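Presented below is the structure to which this report refers.
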Amino acid sequence: MRLLSRIGRLLFPPKCLLCEQILAPMELDICRNCRINAPECPVSGQKLPFVDSWVALWYYEGEVRRSILRFKFHGRRGRAKGFGRLLAMKLLQTYPEGFDLLTWVPTGRLRTLRRGYDQVELLARAVGQELGIAPTRLLKKVRNNPPQSGISGRPQRRANVLGAYRAVSPEQLAGKRILLLDDIITTGATAGECARVLLTAGAEEVHCGAVASARRQAKTK
């Protein structure tokens, strides 16, 4: 297996998740330059609506933004594993007490068919593998609302996602501490609406983890 791994590394050298430069032999997921210079998002005490707390790895800009767009829209589904490893490490540091259930913000059926995968579900599987928690589908998207990326303004974004999600198997949620994953937190409208649905269905707490967050989100909310 080690020989096959070495041959595979020679034929298909692993690249940095962010800048896509070939990684040095001892590097994993991101290169030294990106590890130092990527705009890290600090653990935030700022509130999102209905969310007890949240964390993100980086700010959504520069190489981070380009990498997530490739993951989300250009078939780079393999990036879920690296993003998942890095996010799981931050979640373990921030929440050593752990969670009862792990779930994700679901992508609508039509968008999933177009992309060929739900990128946040892939992220949840990767994070769950690292944390030792099997992801559970707790939410279903029931309305094909316009993409949040095309809408500006916090009130407009909240209105756009209102009623777009429904709890699945609410009997699982009573009194549970939930980890909700998403790829990007911008205004927090989507995460907040999903958290509201989970809390209404009986969850005790909802905490959110994401790969990236808009910088203005960390300042204003």
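Please work out if L139 is at pLDDT 95 or above and in contact with a Cys (Cβ under 8 Å, 6 or more places away or on another chain).
On the way: at pLDDT 95 or above: yes; in contact with a Cys (Cβ under 8 Å, 6 or more places away or on another chain): yes.
Judged against the criteria, L139 is a match.
Kindly indicate whether any position in segment 126-141 is without any contact (Cβ under 8 Å) to a residue 24 or more places away in the chain and over 23 Å from S53 (Cβ atoms).
First, pick out the residues of segment 126-141 that are without any contact (Cβ under 8 Å) to a residue 24 or more places away in the chain: 132.
Then keep just the ones that are over 23 Å from S53 (Cβ atoms); that gives none.
There is no residue in segment 126-141 that is without any contact (Cβ under 8 Å) to a residue 24 or more places away in the chain and over 23 Å from S53 (Cβ atoms).
Look through L122, L102, L69, L110 and report the one residue that is open to solvent by 20 Å² or more (accessible area, probe 1.4 Å) and in contact (Cβ under 8 Å) with a residue 40 or more places away in the chain.
Numbers: L102 fails: open to solvent by 20 Å² or more (accessible area, probe 1.4 Å); L69 fails: in contact (Cβ under 8 Å) with a residue 40 or more places away in the chain; L110 fails: in contact (Cβ under 8 Å) with a residue 40 or more places away in the chain.
Exactly one of L122, L102, L69, L110 is open to solvent by 20 Å² or more (accessible area, probe 1.4 Å) and in contact (Cβ under 8 Å) with a residue 40 or more places away in the chain, namely L122.
If the Cβ limit is 9 Å and pairs must be 6+ apart or interchain, which residue in segment 192-207 that is assigned to a helix (DSSP H, G or I) pairs with which residue that is of a type in the set (K, R)?
The qualifying pairs are G192/R158; E193/R158; V197/R166; L198/K176.
In segment 1-53, how many residues are aliphatic (A, V, I, L, M), farther than 17 Å from M89 by Cα, modelled with pLDDT of 90 or more and open to solvent by less than 100 Å² (accessible area, probe 1.4 Å)?
Residues in segment 1-53 being aliphatic (A, V, I, L, M), farther than 17 Å from M89 by Cα, modelled with pLDDT of 90 or more and open to solvent by less than 100 Å² (accessible area, probe 1.4 Å): 5 in total.
For segment 72-95, which residues satisfy the criterion of being of a type outside the set (D, E, K, R), open to solvent by less than 90 Å² (accessible area, probe 1.4 Å) and out of contact with any strand residue (DSSP E or B) (no Cβ under 8 Å at 6 or more places or on another chain)? Spell out how you get there, then give the answer.
Filtering segment 72-95 for residues of a type outside the set (D, E, K, R) gives 73-75, 78, 80, 82-84, 86-89, 91-95.
When the remaining residues are screened for being open to solvent by less than 90 Å² (accessible area, probe 1.4 Å), the result is 75, 78, 80, 82-84, 86-88, 91, 94-95.
If the condition is that a residue be of a type outside the set (D, E, K, R), open to solvent by less than 90 Å² (accessible area, probe 1.4 Å) and out of contact with any strand residue (DSSP E or B) (no Cβ under 8 Å at 6 or more places or on another chain), then G75, G78, A80, G82, G84, A88 are the ones that fit.
Given (1) part of a helix (DSSP H, G or I); (2) in contact with a Ser or Thr (Cβ under 9 Å, 6 or more places away or on another chain), where does L102 come up short, assuming only one miss?
(1)
Quick check on segment 170-189. Is at least one of its residues among the acidic types (D, E) and assigned to a loop (DSSP other than H, G, I, E, B)?
Initially, segment 170-189 is screened for residues among the acidic types (D, E), giving 171, 182-183.
Retained after the next criterion (residues that are assigned to a loop (DSSP other than H, G, I, E, B)): none.
Within segment 170-189, none of the residues are among the acidic types (D, E) and assigned to a loop (DSSP other than H, G, I, E, B).
In segment 145-161, how many are open to solvent by 30 Å² or more (accessible area, probe 1.4 Å) and modelled with pLDDT of 75 or more?
Within segment 145-161, residues that are open to solvent by 30 Å² or more (accessible area, probe 1.4 Å) and modelled with pLDDT of 75 or more number 1.
Looking only at segment 105-127, how many residues end up being assigned to a helix (DSSP H, G or I) and farther than 21 Å from S67 by Cβ? I'd like the intermediate steps shown before the answer.
Step one: list which residues in segment 105-127 are assigned to a helix (DSSP H, G or I), which gives 109-115, 119-127.
Cutting the leftovers down to farther than 21 Å from S67 by Cβ gives us 109-110, 113.
So the count comes out to 3.
Confirm whether G132 is surrounded by fewer than 18 Cβ atoms within 10 Å (Cβ to Cβ) and either among the β-branched types (V, I, T) or modelled with pLDDT under 75 (or both).
no
Any chance segment 20-30 includes a residue that's free of Cβ contacts under 8 Å to residues at least 24 places away in the same chain and either of a type in the set (S, T, N, Q) or closer than 23 Å to R196 by Cα (or both)?
yes
The values are calculated or read from the model by the stated rules, or taken from the named source; none is laboratory data. The structure presented is a predicted model; accordingly, all values stated were derived computationally and were not measured. Here the Cβ is made from the backbone with ideal geometry for all residues, glycine too, and neighbour counts use every protein chain on show. SASA here: full protein model, heavy atoms, side chains in, ligands and nucleic acids out. Shrake-Rupley method; radii C 1.70, N 1.55, O 1.52, S 1.80 Å.
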